[in-house]
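Mind having a look at this structure? Questions to follow.
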Amino acid sequence: MTPGRHTPDPREARTPAEFLARLQALKDWSGLTYRELSSRAEAHGDVLPRSTVANMLARATLPREELLTAFVRACGVTPAELEEWRTVRGELAGRGAYGGDAADADAGAEPPDGDESAGAESARAPADPGAAGPTAVPDPAETAGPPPAWPGHEAEAAVASQDGSGTPSGAPPGTSSRIRRALVAAVAVAGLVLAGASVVALLRDGGAGRAGQPPRTPAVSAPAVGDVRIRVTGTDFCLAERRGTRTGQVHQVPCAESDFPLYSLATVGTGRWRIVSDHPDFGPGCSGIPSGGRIPDSAYEDSECGDPSRVEAFALEPYGAPGGPVRGYRIVPVGSATPGTCVTVVGDRKAAWAKLAQAPCTPDAAGQLFSFERRD
């Protein structure tokens, strides 16, 4: 919840629509995500599925009293305030604004869970085969030099030339072929060992051309519809959540560990994108900024799609010097109440598990550039 701000007053509501608007304002006041509300409800002994809350706030009819109680209590109000919410809800339901008993029947019908995520799931599209992918690692066969048989052949010729007859000077008759075979085998084994060491060094150094050079980072990949891995440009960090948590907070983690959740891109209009998350426990969702981006340092988080209080559309803007290569893409919230902001890695940008949040776009775009690598 935001310090210094009072909870919304339900007594100001004159219609069910106004009552629902104040419930949305209460969620914004709490500063909690759907996952956090669900977790807090469980701590109170209530059942509050995330998708049920999303559906409740998207409807224009009154919620059931049990659902209202669980939601308002999870938001962190006092017992007296909770009783006010329940009283106002009862008064609105008793006025018959929707036709008496029919109104209560509609208010008591809980929407099915998960309806708000259907659009996000259907928005997925097949990967664009023409999209640029990460830079390929050089084929070790191209860097290992000539095959091992070549140095063995050279050694054999050197042995044969020692006395001009193919037999080393002073060697007993019949030993020439045996010596040649032994030398060829020894040199071949040495060649294989050196070639293997070169391949190991190549893989370990990330494709570095020579010893002492920094590892080569993958080329920047442009956004395209389909499954992606979102890399923080110029690093080995990708976007992911922390396992075992409900907050939906997005962090930067080593790319080898960034499969939780899986991400994909979908278009929502010209130049507008939705970043869809596929969570193994919570199902499809969308990355976004809570509370309409009104709080400048709002967390960048995954939650259900379709929450009208969240910013879920982004412009993925290329960044780079005029006439030069694209260094990465900024993730810019569209319609944020705090304009001029970008999704940013905050805190220690060199450390794993640094969080992402909405922050002012900076001229150098530090911590604000991303690459959208195709995910097979």
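Less than 14 Å Cβ to Cβ from A365, Lys/Arg counted +1 and Asp/Glu -1: what total charge do the surrounding residues give?
Neighbour charge sum, excluding A365 itself: +1.
Could you list T7, T245, T270 in order of exposure, starting from the residue whose Cβ has the fewest other Cβ atoms within 10 Å?
T270, T245, T7
May I pose another question? T245 to E42: extension gain in nm, 0.36 nm per residue of separation minus the Cα-Cα distance?
Difference between extended and current length: 71.7 nm.
What does the charge count around T344 come to, taking other residues whose C-beta lies under 10 Å from its C-beta (Lys +1, Arg +1, Asp -1, Glu -1)?
Summing Lys and Arg as +1 and Asp and Glu as -1 gives +2.
Oh, and also: Taking every alpha carbon pair in segment 237-376, what does the distance histogram look like in 10 angstrom bins from 0, in percent?
12, 44, 37, 6, 0
Fewest first, what order do E36, E257 take by the number of other Cβ atoms within 10 Å?
Ascending number of Cβ neighbours within 10 Å: E257, E36.
Report the chymotrypsin sites (Phe, Trp or Tyr not before Pro) located in segment 316-376 that are in a DSSP loop and have at most 14 other Cβ atoms inside 10 Å of their Cβ, or state none.
The qualifying sites are W353.
Order of L316, L239 from fewest to most other C-beta atoms within 10 Å?
In order of increasing Cβ crowding within 10 Å: L316, L239.
Bear in mind that the values in this text are calculations on the coordinates, not laboratory data. Not measured: the values here are computed from a predicted model. Neighbour counts run over all protein chains shown; Cβ positions are idealised from the backbone, glycine included.
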